[in-house]
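Chemist: Structure incoming, see below.
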Amino acid sequence: MRGNVGNEIPSKAAQPDLLTDSIAKPLRKSSVFRGLLWAEWFAHSKLLLLFLWLWLIGVWVMPLFLHPGWILLLGGIYGLIAGPAYGGVDVLEGCEEFSFSLPATRSQRYAARLTVGGGTLLLLSAMNLLALGLDLQQVLARLYIQTGIIKPLPVLKPGLLYGLILALPLAIFAFSFALSSATHSRTFILTAWFWGGLGALAVLQLGFTYEELVWASLNGYFTCPLLLAAAGIGLSIGHRFYRLKEIGQRSIPLTLPGKWWLWVILFVIGVFAALVLVSSLAENYPKFLAPADQR
């Protein structure tokens, strides 16, 4: 009997509880993800509240001084600022080694930042669409007009802008977020807003060119899906690079990168390309505000 002690069946208490483990593991993952969401909100809450105040001012105060349609730019401005702020926070704070040593996986960290930053952008875009659809600016303007404070403004006819309010800021945010999350260079992160915006403008111009060739007008049927698809592809590529990213050297204080002259040349070329794209889009701006039957 003693020789068979090693072959005895372990007691029920000693056996691993597969059911409990299968339940506890997702709970642990969700707990880590919730912690990441709270951390991202806590780290960027001032930025989010700032844009909330800008939206309130743009809807209820700016019609006194400016055309109410300027609020449509708010989503793009948020995408330019929030993309690098969320994607490159580790490098900017010099805490890559600390954050990568936490229990959270790279995918969880990437998804948490994308959820908070991108979710806020979607919420802001929805609020812009709501303000545009309910004509909140004109409601307030009527009060000012009746009191004689301001003169009546032409009614904003958004047309194509309905789709661009969502698609263009999302593409800007996605490109700058993906670029910032994949690099170790602080200089590149601080200029990622420019490259992300330039990429989104290039995709926008490509879509408009195709629509002019096929339909001889701008309708957004190709441009908006193209921007959304490009944003998804950019985020997927950024996620792939972020999962393979290693801890980089800390660069405190901020220093000029190697071959800085090459960066200057690229930046000058980018500025020139941005001016060409913006001037081309400015020519089509009246078409954005016209209804479909007048284009």
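Chemist: Take Q137 and decide whether it is surrounded by 15 or more Cβ atoms within 10 Å (Cβ to Cβ), at pLDDT below 70 and either in a helix (DSSP H, G or I) or more than 17 Å from the chain's Cα centre (by Cα) (or both).
Modeler: On the way: surrounded by 15 or more Cβ atoms within 10 Å (Cβ to Cβ): yes; at pLDDT below 70: yes; either in a helix (DSSP H, G or I) or more than 17 Å from the chain's Cα centre (by Cα) (or both): yes.
Yes.
Chemist: State all residues of the stretch 211-220 that are within 25 Å of the chain's Cα centre (by Cα) and surrounded by fewer than 20 Cβ atoms within 10 Å (Cβ to Cβ); if no residue qualifies, say none.
Modeler: As a first pass, look at the stretch 211-220 and keep what is within 25 Å of the chain's Cα centre (by Cα): 218-220.
N219 - this is the single residue of the stretch 211-220 that is within 25 Å of the chain's Cα centre (by Cα) and surrounded by fewer than 20 Cβ atoms within 10 Å (Cβ to Cβ).
Chemist: Turning to a different aspect of this structure: Could we say that L132 is modelled with pLDDT under 75 and out of contact with any Gly (no Cβ under 6 Å at 6 or more places or on another chain) here?
Modeler: Details: modelled with pLDDT under 75: yes; out of contact with any Gly (no Cβ under 6 Å at 6 or more places or on another chain): yes.
In short, yes.
Chemist: Any chance the stretch 244-252 includes a residue that's surrounded by 15 or more Cβ atoms within 10 Å (Cβ to Cβ) and assigned to a helix (DSSP H, G or I)?
Modeler: First, pick out the residues of the stretch 244-252 that are surrounded by 15 or more Cβ atoms within 10 Å (Cβ to Cβ): 245, 248, 251.
Imposing the further condition that a residue be assigned to a helix (DSSP H, G or I) reduces the set to none.
No, the conditions are met nowhere in the stretch 244-252.
Chemist: While we're on this one: Considering each of G258, G270, G234 in turn, give the residue that is at pLDDT 90 or above and not hydroxyl-bearing (S, T, Y). First the steps, then the outcome.
Modeler: Values: G258 fails: at pLDDT 90 or above; G270 fails: at pLDDT 90 or above.
Exactly one of G258, G270, G234 is at pLDDT 90 or above and not hydroxyl-bearing (S, T, Y), namely G234.
Chemist: Still on this structure, please answer the following. Taking L49, is it at pLDDT 85 or above and loosely packed, with under 14 Cβ neighbours inside 10 Å? Quick ask: steps written out before the conclusion?
Modeler: On the way: at pLDDT 85 or above: yes; loosely packed, with under 14 Cβ neighbours inside 10 Å: yes.
Yes, satisfied.
Chemist: Just to check your reading of the model, which residue among W55, W70, W41 is at pLDDT below 80 and either assigned to a helix (DSSP H, G or I) or surrounded by 11 or more Cβ atoms within 10 Å (Cβ to Cβ) (or both)? Full working, then the answer.
Modeler: On the way: W55 fails: at pLDDT below 80; W41 fails: at pLDDT below 80.
Step by step, each of W55, W70, W41 is checked, and only W70 is at pLDDT below 80 and either assigned to a helix (DSSP H, G or I) or surrounded by 11 or more Cβ atoms within 10 Å (Cβ to Cβ) (or both).
Chemist: Being part of a helix (DSSP H, G or I), over 10 Å from the mean Cα position of the chain (by Cα) and among the β-branched types (V, I, T) is the filter here; which residues of the stretch 78-124 pass it?
Modeler: The answer is V89, V91.
Chemist: Taking the residues in the stretch 186-218 that are part of a helix (DSSP H, G or I) and of a type in the set (V, I, T) as candidates, determine which candidate is farthest from G88 (Cα to Cα). Quick ask: steps written out before the conclusion?
Modeler: Restricting attention to the stretch 186-218, the residues satisfying the condition of being part of a helix (DSSP H, G or I) are 186-190, 192-215.
So of that shortlist, the ones also of a type in the set (V, I, T) come out as 187, 189, 203, 209, 214.
Working: T187: 11, I189: 6, V203: 23, T209: 33, V214: 40 Å.
Among those that are part of a helix (DSSP H, G or I) and of a type in the set (V, I, T), it is V214.
The values are calculated or read from the model by the stated rules, or taken from the named source; none is laboratory data. Predicted, not measured: the structure shown is a model, and the values here were computed from it. Heads up, the Cβs are rebuilt from the backbone with ideal geometry, glycines too, and the neighbour counts pull from every protein chain shown.
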